[in-house]
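For reference, the structure is listed below as structure tokens.
The values are calculated or read from the model by the stated rules, or taken from the named source; none is laboratory data. Remember, predicted model here, so these are calculated numbers, not experimental data. Cβ placement follows ideal geometry from the backbone for every residue including glycine, while neighbour counts extend to all protein chains displayed. Please note that ligands, DNA and RNA were not included when accessible areas were found on the heavy atoms of the full protein model with its side chains. Shrake-Rupley method; radii C 1.70, N 1.55, O 1.52, S 1.80 Å.
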Amino acid sequence: MSKSEPELRSTPVVSRRAWQSLIVLLAGMFMALLDTTIVNVALPTIRTSLDASEATLSWIISGYALAFGLALIPAGRIGDRIGHKWVFFTGLALFTLASLACGLAQNDLQLIVARVAQGLAGGIFVPAVTAVIQLMFPPQARGKAFAIMGSVIGVSTALGPIVGGLIIQAFGDENGWRLVFWVNLPIGIVALVAAARLLPSRAEASVAGGAKPGTPAPARVALDWVGLLLISAGLVALLVPLIEGEDQGWPWWTFVSLAVAALLIVLFGFWEVSYTKRGLSPIVPPRLFSHPAFTGGVILALMYFAAFTSIFFTISILWQAGLGHTALESGLVSIPFAIGSIIGASQSNRLSQRLGRTVLVIGVTLVTVGLVWIWLVLLLVPVGDLTNWHLLTPLLIAGLGSGLFIAPNVQFIVATVDRSEAGAASAVVGVMQRVGSAVGIAVIGSVLFGSLVVTGPTPDALATAFTESATLAMAVSAGFSVVALVLVFALPKRVAGPPAA
């Protein structure tokens with residue numbers, strides 16, 4: 001049966017340039033998300049190549065995640081002011097340069113600084129991806145664009161450990177970890193040229209998305225720089241002792257730093273309330289937390305990402321530094337999780353429409369079961385008998401759960417607030433996910449290396465020590481996941497519709 005004339009008229013027409021722009025945007029997102037997982041398998045070789053401390057390994061992951069998260073909201077606001085094209089271009093250029101600097105680092109301090117700069121740059125350009133999609137694609141076509149974006153997210157995070165392992169295997173421990181960062185250079189250069197030529201200006205993007213020519217730009221909103229400074233300083237003051245404390249023997253300044261962190265976060269809360277009362281737009285609108293379910297959802301995001309991000313940090317360190325496997329073998333361990341994650345993500349939207357919140361409950365339950373199973377494997381299987389086959393099933397289960405949870409969780413958390421607050425709520429959840437990743441790695445790194453005691457010079461002693469420490473670290477990750485499972489029930493059972501942008 002042929003379509004009627006009204007149906008044909010209602011079919012959205014998306015320009016070729018819009019699809020080309022989407023490819024450019026997703027190339028940038030691919031780089032940013034690949035770098036969240038590709039580095040895990042390189043950590044042991046970085047440790048030996050640079051003679052880096054255990055704290056450095058935590059900073060490489062936590063520093064990236066924290067800087068990424070803190071840049072998200074201000075970058076989005078600046079993009080709204082001046083147009084997202086050049087914010088994306090600037091962030092991508094900085095990310096590419098920071099990737100070059102990471103590979104050139106000659107000591108752990110240089111690498112940490114470059115890695116934090118890389119995370120900051122990622123946080124600058126990633127908000128432009130969703131913003132430009134919202135602007136360029138008419139409402140009827142956005143679902144397809146966002147579905148493609150979701151696939152890229154799943155593939156990039158899944159490929160990271162495998163690509164990292166292959167690079168280190170091919171080029172050796174000394175140069176391989178540097179090329180793990182430099183893999184971004186050709187992608188970044190091509191994407192920058194394409195971005196300059198293809199990405200639309202703010203006015204062009206709005207018209208492409210269905211706005212009438214001459215529609216005035218949204219009113220400019222002042223950026224809350226004091227609030228940003230307070231929360232940034234508070235989170236840094238929290239992370240520094242969590243990462244450095246165990247390595248330094250918990251000196252007095254670590255406890256002072258924790259106290260300062262608590263004070264700065266409290267001051268941030270008071271400042272945001274005061275800022276709101278003056279009729280200004282704060283980074284974190286206090287009214288969001290008048291919804292108890294949203295507060296629970298934010299803590300859920302933090303706890304889940306603390307558990308999820310730390311899994312392969314622990315496994316990569318154990319597999320290479322403890323058990324003596326190659327980076328490629330370490331990357332191959334993650335394949336069941338990657339497969340499960342892709343399968344779960346592909347079904348999450350359909351299942352969330354049918355099952356509502358139950359899909360999140362199932363997802364976090366599967367992750368918890370997988371992590372507890374891995375903990376039991378590490379606890380009960382003799383060190384000499386431990387192989388990747390022991391982890392295949394629990395990692396597949398955890399991957400399925402992660403895929404089911406990650407795609408729809410923001411929608412359910414945002415549904416706990418009024419539709420008019422959905423944009424601000426979504427931004428806060430995104431930041432808390434990154435903060436959770438940073439805090440999770442900081443805590444797990446402290447547990448893993450703080451409990452590491454080698455009692456003899458033999459390889460068995462080293463393997464035993466790392467396995468015992470990894471067992472304890474995995475127990476903590478499982479604990480984060482259990483807390484997340486409890487908090488899922490704070491969310492609404494169903495989401496009536498997509499939140500307002």
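Being within 30 Å of residue 152 (Cβ to Cβ) and out of contact with any helix residue (DSSP H, G or I) (no Cβ under 8 Å at 6 or more places or on another chain) is not true of residue 434. Filtered by the rule that a residue be under 29 Å from residue 295 (Cβ atoms), among the hydroxyl-bearing types (Ser, Thr, Tyr) and in a helix (DSSP H, G or I), segment 385-419 gives a lone residue, 402. Here 122, 164, 154, 79 are screened, and the one residue that is modelled with pLDDT under 80 and either open to solvent by less than 10 Å² (accessible area, probe 1.4 Å) or over 22 Å from residue 423 (Cα atoms) (or both) is 154. Taking the stated definitions as given, is residue 247 over 26 Å from residue 433 (Cβ atoms), of a type in the set (Asp, Glu) and at pLDDT below 90? Yes. For residue 201, the criteria (1) open to solvent by 40 Å² or more (accessible area, probe 1.4 Å); (2) within 20 Å of residue 46 (Cβ to Cβ); (3) touching a residue at least 12 places away in the same chain (Cβ under 8 Å) hold in every case but one, which is (2).
Here segment 450-466 is the region considered, the condition is being surrounded by fewer than 20 Cβ atoms within 10 Å (Cβ to Cβ) and assigned to a helix (DSSP H, G or I), and the residue that is modelled with the lowest pLDDT is 459. Set side by side, the residues 321, 307, 338, 293 differ, and just one is part of a helix (DSSP H, G or I) and at pLDDT 90 or above, which is 307. A search for C-beta distances below 9 Å between a residue of segment 52-64 that is touching a residue at least 60 places away in the same chain (Cβ under 8 Å) and of a type outside the set (Ser, Thr, Tyr) and any residue that is open to solvent by less than 10 Å² (accessible area, probe 1.4 Å) and not in a helix (DSSP H, G or I), counting only pairs 6+ apart in sequence or on different chains, returns 61/39. Against the condition open to solvent by less than 10 Å² (accessible area, probe 1.4 Å) and of a type outside the set (Asp, Glu), how does residue 440 come out, does it pass? Taking the combined requirement at face value, the residue satisfies it.
Could you tell me which residue of segment 287-336 is surrounded by the most Cβ atoms within 10 Å (Cβ to Cβ), considering only residues that are of a type in the set (Phe, Trp, Tyr) and closer than 23 Å to residue 486 by Cα? If you could, list the steps in order and put the result at the bottom.
Initially, segment 287-336 is screened for residues of a type in the set (Phe, Trp, Tyr), giving 289, 294, 304-305, 308, 312-313, 319.
Restricting the remaining residues to those that are closer than 23 Å to residue 486 by Cα gives 289, 294, 304-305, 308.
Values: 289: 15, 294: 23, 304: 30, 305: 26, 308: 27.
The selected residue is 304.
Residues that are free of Cβ contacts under 8 Å to residues at least 60 places away in the same chain and of a type outside the set (Gly, Ala, Ser) do not occur anywhere in segment 147-166.
Restricting attention to segment 245-258, the residues being open to solvent by 60 Å² or more (accessible area, probe 1.4 Å), assigned to a helix (DSSP H, G or I) and out of contact with any Asp or Glu (no Cβ under 7 Å at 6 or more places or on another chain) number 6. Of the residues making up segment 371-391, none is among the small types (Gly, Ala, Ser), open to solvent by less than 50 Å² (accessible area, probe 1.4 Å) and touching a residue at least 24 places away in the same chain (Cβ under 8 Å). When residue 372 is tested against (1) assigned to a helix (DSSP H, G or I); (2) within 25 Å of residue 434 (Cβ to Cβ), just one condition goes unmet, and that condition is (2).
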